[in-house]
């Protein structure tokens with residue numbers, strides 16, 4: 001049964017605390033190093049073992065060569081087995097140095113090598129004096145020259161068993177030579193004990209050292225975590241400390257700081273947007289409420305009532321337009337908003353917009369001069385493009401003096417089409433030129449009441465342009481006018 005309060009599997013994970021990053025780094029590194037060290041130690045031990053046995057095998061070969069040397073017998077005169085059987089192993093090994101039985105005894109006492117001669121049935125034929133009553137192990141199953149380990153008087157020996165053949169190739173017997181491995185075995189045993197004893201000590205020390213290094217390495221991350229946990233709305237301007245070295249942690253801190261800058265800017269703009277929207281919506285409501293309060297205080301004539309009611313309707317219409325623009329901005333910024341891009345004739349869209357805007361221009365004693373220099377089609381959403389042109393034209397008419405002309409031009413240049421809308425109004429200062437696309441921004445707050453603007457029109461233009469990948473440029477000179485330029489991707493036939 002699953003415990004309440006979480007999905008299956010979550011409760012099981014909560015029973016065990018999460019391992020810290022420093023412990024994981026130390027564990028992974030130590031585990032990998034432990035495996036590599038085990039492999040390296042095993043290779044070292046096997047290599048030393050092989051070198052030691054190779055050294056003893058070479059010594060055995062040399063001993064066999066000395067024993068089989070025939071300084072006083074011509075080659076191929078007699079079988080080696082018969083010669084060794086006739087001469088004796090001690091005499092054969094001493095050779096020309098032999099003068100008496102005392103010499104044989106001296107050689108037997110000094111020479112640590114043991115030699116034994118057996119016939120083809122394994123019966124001992126001869127052996128060196130240093131063997132005394134001991135017997136070297138003969139293994140009849142071995143064919144050819146064979147090196148192997150054996151026990152002699154509770155000591156480990158390295159032996160070689162060499163077959164002795166006559167001219168016809170018949171095995172007459174075997175020569176067995178052995179050397180003690182006591183010193184070598186002690187070295188190998190000590191080496192093994194050292195490796196086994198020190199291996200866990202090294203691993204534990206490596207884990208502690210790696211954990212210490214990991215702790216120091218991730219200290220900047222802990223500072224980032226502590227700083228992030230301390231950031232609230234009250235100290236949103238606090239930033240992550242940047243490490244001294246410009247490494248990956250420096251990039252992480254710098255990236256988080258840049259993210260916080262963007263979030264703070266977005267938070268500030270959203271906060272300002274909320275305040276501005278509340279203010280813009282409250283203003284017409286306050287005007288309507290105040291007007292109606294005055295009207296109900298005492299009876300008035302019909303003309304005064306009509307004038308005040310018409311004023312209230314204008315304010316309510318202004319609030320309705322503001323709500324529509326806010327909803328439009330909200331829809332355009334949602335993920336579900338997607339333009340219906342299609343080939344569009346810019347001239348036709350301009351004509352449609354002019355049919356709605358020209359009565360307003362005539363009422364304000366302004367005129368619109370249009371010149372269509374581009375007859376092709378562009379990629380755009382027709383409805384969005386109409387709204388963009390209508391907003392820009394409305395702004396141009398609002399801020400143009402009476403009797404002035406608003407100019408609309410279209411053309412093509414460098415593979416793109418453009419549409420410019422220029423007025424001859426008061427212009428915009430350079431310091432405020434890029435802020436005109438911010439929501440509720442007005443170059444001159446004192447003009448808002450007379451023009452009836454909400455400060456959302458150009459924000460909508462920018463947002464719709466971004467959705468359609470249409471470029472928007474603006475240039476202005478104070479007291480001379482402002483020009484907006486829309487740059488469209490051209491549809492190729």
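The values are calculated or read from the model by the stated rules, or taken from the named source; none is laboratory data. Since the model is a prediction, treat every value here as computed from it, not as a measurement. For neighbour counting, all protein chains shown are included, and Cβ atoms are generated from backbone atoms with ideal geometry for every residue, glycine included.
This table checks each residue for (1) more than 24 Å from the chain's Cα centre (by Cα); (2) without any contact (Cβ under 8 Å) to a residue 60 or more places away in the chain; (3) in a helix (DSSP H, G or I); (4) outside the structural domain of residue 26 (by TED's automatic domain parsing).
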{"position": "224", "(1), (2), (3), (4)": "no, yes, yes, yes"}
{"position": "238", "(1), (2), (3), (4)": "yes, yes, no, yes"}
{"position": "250", "(1), (2), (3), (4)": "no, yes, yes, yes"}
{"position": "253", "(1), (2), (3), (4)": "no, yes, yes, yes"}
{"position": "258", "(1), (2), (3), (4)": "no, yes, yes, yes"}
{"position": "263", "(1), (2), (3), (4)": "no, yes, yes, yes"}
{"position": "270", "(1), (2), (3), (4)": "yes, yes, yes, yes"}
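Restricting attention to the stretch 165-188, report how many residues are assigned to a strand (DSSP E or B) and closer than 21 Å to residue 58 by Cβ.
7
Which numbered condition trips up residue 374, out of (1) more than 23 Å from residue 480 (Cβ to Cβ); (2) outside any loop (DSSP other than H, G, I, E, B); (3) in contact with a strand residue (DSSP E or B) (Cβ under 7 Å, 6 or more places away or on another chain)?
If we test residue 374 against (1) more than 23 Å from residue 480 (Cβ to Cβ); (2) outside any loop (DSSP other than H, G, I, E, B); (3) in contact with a strand residue (DSSP E or B) (Cβ under 7 Å, 6 or more places away or on another chain), just (2) comes out false.
Report, ordered by the first and then the second residue, all pairs with beta carbons closer than 6 Å, sequence separation of six or more or different chains, a first member in the stretch 302-324 that is farther than 14 Å from residue 291 by Cβ, and a second member that is surrounded by 13 or more Cβ atoms within 10 Å (Cβ to Cβ).
If the second residue must be surrounded by 13 or more Cβ atoms within 10 Å (Cβ to Cβ), the pairs left are 322/280; 322/454.
Can you pull out the residues in the stretch 358-371 that are part of a helix (DSSP H, G or I) and surrounded by fewer than 19 Cβ atoms within 10 Å (Cβ to Cβ)?
358, 359, 360, 362, 363
So, in the stretch 209-253, how many residues would count as being closer than 28 Å to residue 31 by Cβ and exposed (fewer than 12 other Cβ atoms within 10 Å of the Cβ)?
4
Specify which of the listed residues (228, 214, 197) is over 30 Å from residue 121 (Cα atoms) and at pLDDT 85 or above.
Working: 228 fails: at pLDDT 85 or above; 214 fails: at pLDDT 85 or above.
Exactly one of 228, 214, 197 is over 30 Å from residue 121 (Cα atoms) and at pLDDT 85 or above, namely 197.
If we only count helices (runs of 4 or more DSSP H) wholly inside the stretch 1-89, which ones have 1 or more residues that are at pLDDT 85 or above?
By residue number, 21-67.
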